[in-house]
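Reading through the structure tokens given below for one structure.
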Amino acid sequence: MSSTLSSILPQPRSHKKSSPASGMLRPLFLLPVIILSGLLIWFLYQNPPRILLTEEQRFVKFTEEVFRSEMSSNTLNLHYTVSDPSAYSIDGDRITIGNASLSARKNGYTAAENYYNMLQSFDRSKLSAKRRLTYDAFSRYLETELSAAELLLYDEPLSPTLGIQAQLPVLLAEYRFRTKGDIEDYLCLLSQVPDYFKSILSYEQEKSRAGLFMNEECALEVIRQCRDFIAEGDDNYLSTIFNEKIDAVKNLTVDEKTAYKTRNQSLLNGYVIPAYQELISGIASMEDSGVNEYGLYYLPKGQEYYRYLIKNMVGDDRTVEEIEEEIKNQMVDDFTAIQQIMKTYYSGGQGGNPDSVQNTAARTIQTDSSVTALSTDDPVTMLNDLRQKITDDFPLLPSVSCQVKYVHPSLQQYLSPAFYLTSPIDDYARNVIYINPSGSYNSLELYTTLAHEGYPGHLYQSVFFASTEPDLLRYLLDIGGYTEGWATYVEMYAYSLWEEDPVAAQLGQKNRSFTLGLASLLDIGIHYRGYSPEQVTAFLEKLGFGSDTADSLYQSILQAPANYLQYYVGYLNFSRLRTSMQQKLRDRFSLKEFHRLILEAGPLPFSLLEGQMAELPDI
């Protein structure tokens, strides 16, 4: 749970393909930090200088100051969000990686209250449509955060796949050296990792005392992940990548490069690796202190926290019951379609009885996996193919580049199958997509994954939104249900672009939707209704899944509540909004124009997005 804007800023903004789909790995909004500057902003807006400004001008100055304040609070986030801080009047001299302690989180809530009070001082009716949307998005964000003031200890910053300890190495590895100052800042950040991890351990100790510590299996996975990361010693991933990046910097002498490499190795050995070792020891000392082996349902305020997660992460204001019903209905539609495809194309083409309900789901996955094995497929070629094919249904983008990289072996077991690492908002022409080789993609899976991460997914949506020059504050108000939901929505669309085997593509799309729906339904079941591992296993066995699959899925959902919902419920929201607009406009409906309006609106809670679309008399 984020406690201030800093916790959700474009964390070295990334979109990750976690078990559900893919995603953006963002700058880390790792870190709840103490925002003392919020008090200063409040004072200035209660005592403005004697300069006559319009309400619009006052509001713009306010939002820009919030952006500068938040960016100054964390150097890692700042570096990944903007390439030239001085262009935004941001002072980047104070190098800090942040503070994740409970006291810092409490101070974050004080800052959020100050921001909210400041926001109320503006007359919304005097703002332009663009600024009213920013006002509404900020107001809704702050209200959601403040509603969870009693749930501070329910957040979990550590987990095997999505935890800070797993993401931090990638964010450090991708830290761009644009200037010598960037190199110095990076080295300074390495020296702060021990203190930052100490603040995390302090928070985890508070959780342990409150009976809210992670279960033992999760703790052991975090420990294993940390041990694997530091196992290579001097040949650590961060050492190898740093040396490669230093060699690529053109304005350094040979002696300077050697000196930087030596300093980096010294900091890794003296600060980063010991910090991970201390984290291991700290988690090990508490590993058996967790009193709950099951979902959030079994914690005192677990259901309340889960409702908060849906509102905060997914951006959906509906009740859990309403969301659950929508998931079930879509799963029935998808399963019916799967049966029909199996009957038509996998029963000799003559019809006949389809497979039983108990076995169809499991056989569908096997059929989907039999698509042409990945051999000579080139991700760059696939990305170019996608970019060309989407032009009929999606607006054009500015010219940008995209580099495809592969996750380092030391991180493959724990990182998502794929993720997109977003570029700074003032330098969005260069983009990076990571593929995890351990994912063992076939051709169709790789193609749709690249659609999710690239075109028209995360890369596309990020670049498009940045090209509209939104209010800077909007970059801090990301909604996972919008970003991951959009990427899942276009991933489903991309199946229709696969020309090698249209039938396999149809089956793959329905299977993908059904299995994501199944995981989302179980997410609600585990965390909101209290499903036990035995209940999940029994349920999945009726669909033809084995006990190993059931256990793996249960643990994945247990470690990341509401994560699947960002992808699937977000996708369903976009699909429902598209259907609504089609029914309203009929033959006047334009899919390209619909997509343009969604992308221009940018990351929003779905209630605000639906309101935006409802105000449009035509498309």
Within region 519-619, GluC sites (Glu not before Pro) in DSSP loop having at most 11 other beta-carbon neighbours inside 10 Å: GLU615
Ordered by residue, what ³J(HN,Hα) values in Hz, to whole numbers, does region 219-226 give under the Karplus form 6.51 cos²θ - 1.76 cosθ + 1.60, where θ = phi - 60° and Gly and Pro are x? 4, 5, 5, 4, 4, 4, 4, 5
Heavy-atom accessible area per residue, the chain, 1.4 Å probe: how many Å²? 39 Å²
In 10 Å bins starting at 0, how do the alpha-carbon pair distances of region 396-515 split up by percent? 13, 40, 35, 13, 1
Subtracting the Cα-Cα distance of SER121 and ALA538 from 0.36 nm times their residue separation yields 144.6 nm
Heavy atoms of GLU325: accessible area, 1.4 Å probe, square angstrom to 10: 90 Å²
If you wrap a convex hull around the alpha carbons of region 83-141, what volume per residue comes out, as a whole number of Å³? 140 Å³
What is the diffusion coefficient of region 139-240 in µm²/s, taking the Kirkwood radius over Cα pairs and the Stokes-Einstein relation at 4 °C with a viscosity of 1.567 mPa s? 81 µm²/s
Subtract the Cα-Cα distance of GLN413 and SER467 from 0.36 nm times their separation in residues, and report this length gain in nm to one decimal. 15.9 nm
Label-to-label distance, nm, for residues given as THR262 and PHE589 (7 Å Cα→Cβ offset): 6.7 nm
Of the labelled options (1) 3, 15, 24, 24, 19, 10, 3, 1, 0, 0; (2) 3, 16, 27, 28, 18, 6, 1, 0, 0; (3) 3, 13, 17, 17, 16, 12, 9, 7, 4, 2, 1, 0, which one gives P(r) over Cα pairs in 10 Å bins from 0, in percent as computed for this structure? (2)
Backbone N within region 536-580 under 18 Å of label point (7 Å from ALA614 Cα along the Cβ vector): 573-580
Scalar couplings 3J(HN,Hα) for region 515-524 by Karplus 6.51 cos²θ - 1.76 cosθ + 1.60 (θ = phi - 60°), nearest whole Hz, x for Gly and Pro, are 5, 5, x, 4, 5, 5, 5, 5, 4, 5
Taking protein heavy atoms only, a 1.4 Å probe, and rounding to whole percent, the accessible area of region 374-523 owed to carbon and sulfur comes out at 48 percent
Over the chain, what relative contact order in percent results from Cα pairs under 8 Å that are six or more residues apart? 20 percent
Sites SER552 and THR253, calculated FRET efficiency, Cβ-Cβ separation with R0 60 Å, nearest 0.05: 0.70
Reachable lysines from LYS405, Cα under 20 Å, same-chain residues fewer than 8 places away excluded? LYS16, LYS17, LYS245
If one puts a single equal scatterer on every Cα of region 202-300 and applies the Debye formula without solvent, what log₁₀ I(q)/I(0) results at q = 0.15, 0.18, 0.24 Å⁻¹? -0.70, -0.83, -1.15
List the residues, sorted by chain then number, that are 5 or more residues from ARG430 or on another chain and whose placed amide H is less than 5 Å from its amide H. SER401
Exactly which GluC sites (Glu not before Pro) in region 249-317 are in a DSSP loop and have at most 14 other Cβ atoms within 10 Å? GLU293
Nearest-0.05 FRET efficiency for SER607 and LEU396, computed from C-beta distance (R0 45 Å): 0.90
Ignoring everything except DSSP H segments at least 4 long, calculate the 222 nm mean residue ellipticity for the chain; use -39,500 (n - 2.57) per segment, divide by total residues, nearest 500. -18500 deg cm²/dmol
Fully extended contour minus Cα-Cα distance, from SER86 to LYS301, at 0.36 nm per residue: 73.0 nm
May I ask you to derive the relative contact order of region 472-619, considering only C-alpha pairs under 8 Å and at least 6 residues apart, and to give it as an integer percent? 37 percent
At 1.4 Å probe size, with no ligands or nucleic acids counted, give the accessible surface of VAL407 in Å², nearest ten. 10 Å²
Per-residue HN-Hα couplings for region 580-589, Karplus 6.51 cos²θ - 1.76 cosθ + 1.60 at θ = phi - 60°, whole Hz, x for Gly and Pro? 4, 5, 5, 5, 6, 9, 6, 6, 8, 6
In terms of solvent-accessible area of protein heavy atoms at a 1.4 angstrom probe, what is the ranking of SER496, SER547, highest value first? SER496, SER547
Two-site label geometry, VAL380 and SER281: point separation in nm, points 7 Å out along Cα→Cβ: 4.7 nm
Longest segment of the chain lacking trypsin sites (Lys or Arg not before Pro) that sit in a DSSP loop with at most 12 other Cβ atoms within 10 Å: 251-541
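The values are calculated or read from the model by the stated rules, or taken from the named source; none is laboratory data. Since we're looking at a predicted model, the values are computed, not measured. Glycine also receives a Cβ, built like all others from the backbone with ideal geometry; neighbour counts cover every protein chain displayed. Quick note on the areas: whole protein, heavy atoms, side chains included, nothing else; ligands and nucleic acids left out. Shrake-Rupley method; radii C 1.70, N 1.55, O 1.52, S 1.80 Å.
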